[in-house]
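No lab work stands behind these numbers, since they all come straight from the coordinates. What you see is a predicted model, and the numbers here were worked out from it, not measured in a lab. Note that each Cβ is placed from the backbone with ideal geometry, even for glycine, and that neighbours are counted across all protein chains shown.
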Amino acid sequence: MLLSSYCRAALSGAALLFLAGCVSSGLDGRQFVRQETAQGGFIDVSVGSNAHRIQALLRKTSAANTLTVYLEGDGAAWLTPWRPPIDPTPDEPVALALARADSSPAVAYLARPCQYLDEASLAQCVPTAWTTRRFAPEATAALNAALSSLKAVAGVEHLRLVGYSGGGVMAALLAAQRRDVSSLITIAAPLRLAAWTAHHDVTTLIGQDPDDLPVPWPPAVHFVGEKDEIVPPAIVAPLAKRTDGRLYVVPGFDHRCCWSRDWRHLLEKTR
């Protein structure tokens, strides 16, 4: 039986959105952020207001010329393959766990549009912002502005972008728009969106496909799990080769496990 366009679009979102993280924190996403700002050395430097607020955290332990920015994945789990979450705030923010494990002197965390909003602000966000239009021009523009704000607050000249899952797609799109990105790291990211949606037989997403971006790219490292059925290594490999990026297929890892657990060790491969 053929799927309707609506159902196929929903499934394309579900394939990323239900894989929000693998952190066994016992906290929900908002609690995790509060804990990190209180205990993890991060300060809240969020930009915008109301529905346009972008959650951002910054930790700077010493002078630095480069800010490493971790971009969150697509967010909370879908309720069913046909029902997106009413709030895209991740239950367990993987990118924040990765940022916490990074000992670089200047580290930031950047959420995606409509995540971490209060109830009144969230009501002003339309669900397409975290489903079919999560990589659309308005989403990249919002995060591009947030990056500029983070850079100014941190007082740095260069950015290193690190993105998990859908955040890796966004990191690649942002790197293409900016001239201050010195390096790019992606983790379990479906960087060839057309190939990825074709692989899962789902409707294409609105926005630019990183696979269509011209070279040269900034120096890039791409991690993917050997057992990842959501973003198989074969999805990422052709782009890594075309753009001269380094590809690491991590044995035993899938889309969720065990990036935050082993990130400090894996990060050494990017030096």
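Couple of notes before you dig in:
- Any pair with Cβ under 9 angstrom, 6 or more apart, that starts in segment 220-234 at a residue that is touching a residue at least 60 places away in the same chain (Cβ under 8 Å) and ends at one that is in a strand (DSSP E or B): VAL231/VAL224; VAL231/GLY225
- Selected residue (only one of LEU247, LEU267 is assigned to a helix (DSSP H, G or I) and aliphatic (A, V, I, L, M)): LEU267
- When GLY75, GLY41 are checked against the criterion of being closer than 19 Å to ASP118 by Cβ and either in contact with a Phe, Trp or Tyr (Cβ under 8 Å, 6 or more places away or on another chain) or surrounded by fewer than 16 Cβ atoms within 10 Å (Cβ to Cβ) (or both), GLY75 stands alone in meeting it.
- Which listed residue, of ASP91, ASP74, ASP44, is in contact with a strand residue (DSSP E or B) (Cβ under 8 Å, 6 or more places away or on another chain) and of a type in the set (D, E, K, R): ASP44
- TRP82 touching a residue at least 60 places away in the same chain (Cβ under 8 Å), surrounded by 19 or more Cβ atoms within 10 Å (Cβ to Cβ), more than 24 Å from GLY41 (Cβ to Cβ) and among the hydrophobic types (A, V, I, L, M, F, W, C): no
- Output for segment 85-101, where each listed residue is buried (at least 23 other Cβ atoms within 10 Å of the Cβ) and either more than 14 Å from the chain's Cα centre (by Cα) or not β-branched (Val, Ile, Thr) (or both): PRO88, PRO90, PRO93, ALA95, LEU96, ALA97, LEU98, ALA99, ARG100
- Among (1) within 28 Å of ALA76 (Cβ to Cβ); (2) touching a strand residue (DSSP E or B) at 6+ places or on another chain (Cβ under 6 Å); (3) of a type in the set (D, E, K, R); (4) surrounded by 15 or more Cβ atoms within 10 Å (Cβ to Cβ), the one test that ASP180 misses: (1)
- Test for GLU268: is it closer than 19 Å to ALA198 by Cα, out of contact with any strand residue (DSSP E or B) (no Cβ under 8 Å at 6 or more places or on another chain) and of a type in the set (D, E, K, R): no
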